[in-house]
Amino acid sequence: MSKRVRTAVFPVAGLGTRFLPATKAMPKEMLTVVDRPLIQYAVDEAREAGIEHFVFVTGRNKGVIEDHFDRQFELEATLESRGKVAALEELQKDLPSAGRTSFTRQQEPLGLGHAVWCARDIVGDQPFALLLPDMVFRAKPGVLKQMMDAYEESQGNVIGVEECAWEDVSSYGVVVRGDGPDKSFAINGMVEKPKRDEAPSNLFISGRYILQPEIFALLAEQTRGAGNEIQLTDAMQTLMSQQRFTGVKYEGKVYDCGSKLGFLTANVVFALDRADIRPGFIDELRKLDLESEL
Ligand code: UTP
């Protein structure tokens, strides 16, 4: 029987070239949607799903991520002395417990598959969740929680998928759908950026996974694939011939905050979701007279 998923891996060592110059000295994962860094959304989602150990695969220029998940005594003391209790509580609430974070370095950004492989010794011989932090979801419950619920039944490996318009399939990695109900079904294969006519489905992989530890041995053997990077997809395809993969079509929507359009859209959508910001933001949007711009 598979074990419970206690550990999540967050690969944060990428260069974020699509977001230059913002990401020249600052990690992409610290860009904010409204007032929370992308990485905080991913950690919140993992905590909601019951994750207890948070493993970050970092690289050069990413030290601020480690600081973000640490206490800031000076700041806390200042907030306390000014009576800003709500802000202080918010900061403390966002932190994983002491000793529950681990940081390792990728050293060279050789691709997502390589970043995941760098977490192998920390994760060990147990299933783990993998969250790409630049993919931010508007979902209730969170996408990983929905996947965990499906994992209780299916065990094996689980991948979160979302439907896209057929004309957009060539921008994504899509799955070959096998048997099973609409929300949770077998995955028989994956195709990276297929042409519309050749796409096996319009269900794309949006950056949330539950994987069995056997993936690490396959990643170790992996040669460089597309983009001269070690690809996670290639190792998953191999694992698929040995283990079960389940697709979970979650309730919710992803925003690819590694792209400028996704990031800007997420900021608008998440700002409109916030009771404290929505009224003022709507006033500002009205003043922009968007009708005449569109
Ligand atoms: P992306 O595919 O968005 O790549 O990575 P990137 O390098 O960060 O960004 P662009 O394409 O150059 O703009 C998805 C996630 O995987 C991590 C990234 O940090 C991001 O969170 N990643 C990617 C690594 O940790 N290491 C890598 O070698 C590549």
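Remarks
- Segment 86-121 - residue that is more than 16 Å from the ligand (Cβ to nearest atom) and aliphatic (A, V, I, L, M) and, of those, nearest to Lys62 (Cα to Cα): Leu95
- Scanning segment 163-213 for residues that are away from the ligand (no atom under 16 Å from the Cβ), more than 24 Å from Phe128 (Cβ to Cβ) and charged (D, E, K, R) returns Glu163, Glu167, Asp168, Arg177, Asp179, Asp182, Lys195, Arg196, Asp197, Glu198.
- The criterion of being within 15 Å of Pro133 (Cα to Cα) and either out of contact with any helix residue (DSSP H, G or I) (no Cβ under 7 Å at 6 or more places or on another chain) or without any contact (Cβ under 8 Å) to a residue 60 or more places away in the chain (or both) does not hold for Val57.
- From the list Lys287, Lys195, Lys260, the one residue that fits, being within 22 Å of Val175 (Cα to Cα) and of a type in the set (D, E, K, R), is Lys195.
- Taking segment 49-58 as the range and being buried (at least 22 other Cβ atoms within 10 Å of the Cβ) and either more than 15 Å from the ligand (Cβ to nearest atom) or at pLDDT below 95 (or both) as the test, the residues that pass are Ala49, Ile51.
- Test: residue in segment 256-275 that is over 23 Å from the mean Cα position of the chain (by Cα) and modelled with pLDDT of 95 or more: yes
- Elements of the type helices (runs of 4 or more DSSP H) sitting completely within segment 213-294 and holding at least 1 residues that are touching a residue at least 60 places away in the same chain (Cβ under 8 Å) and aromatic (Phe, Trp, Tyr): these cover 214-221, 260-273.
- In segment 61-94, the residues that are of a type in the set (A, V, I, L, M, F, W, C), assigned to a helix (DSSP H, G or I) and either surrounded by 11 or more Cβ atoms within 10 Å (Cβ to Cβ) or touching a Gly at 6+ places or on another chain (Cβ under 7 Å) (or both): Val64, Ile65, Leu75, Ala77, Leu79, Ala87, Leu88, Leu91
- Test: Thr78 is over 15 Å from the mean Cα position of the chain (by Cα) and within 12 Å of the ligand (Cβ to nearest atom): no
- If the condition is being in a strand (DSSP E or B), within 21 Å of the chain's Cα centre (by Cα) and within 23 Å of Gln243 (Cβ to Cβ), then segment 163-184 contributes Gly173, Val174, Val175, Ser184.
- Selection within segment 1-48: residues that are within 14 Å of Gly59 (Cα to Cα), free of Cβ contacts under 8 Å to residues at least 40 places away in the same chain and surrounded by fewer than 19 Cβ atoms within 10 Å (Cβ to Cβ). The member of this set that is farthest from the ligand (Cβ to nearest atom) is Ala25.
- Arg278 being in contact with a Leu (Cβ under 6 Å, 6 or more places away or on another chain), over 26 Å from Pro181 (Cβ atoms) and not β-branched (Val, Ile, Thr): yes
- Scanning segment 193-231 for residues that are on the phi > 0 side of the Ramachandran plot and among the aromatic types (Phe, Trp, Tyr) yields a count of 0.
- Breaking point among (1) over 19 Å from Ala266 (Cα atoms); (2) within 16 Å of the chain's Cα centre (by Cα), for Ile39: (1)
The values are calculated or read from the model by the stated rules, or taken from the named source; none is laboratory data. All of these numbers come straight from a predicted model, not from anything done at the bench. Note that each Cβ is placed from the backbone with ideal geometry, even for glycine, and that neighbours are counted across all protein chains shown.
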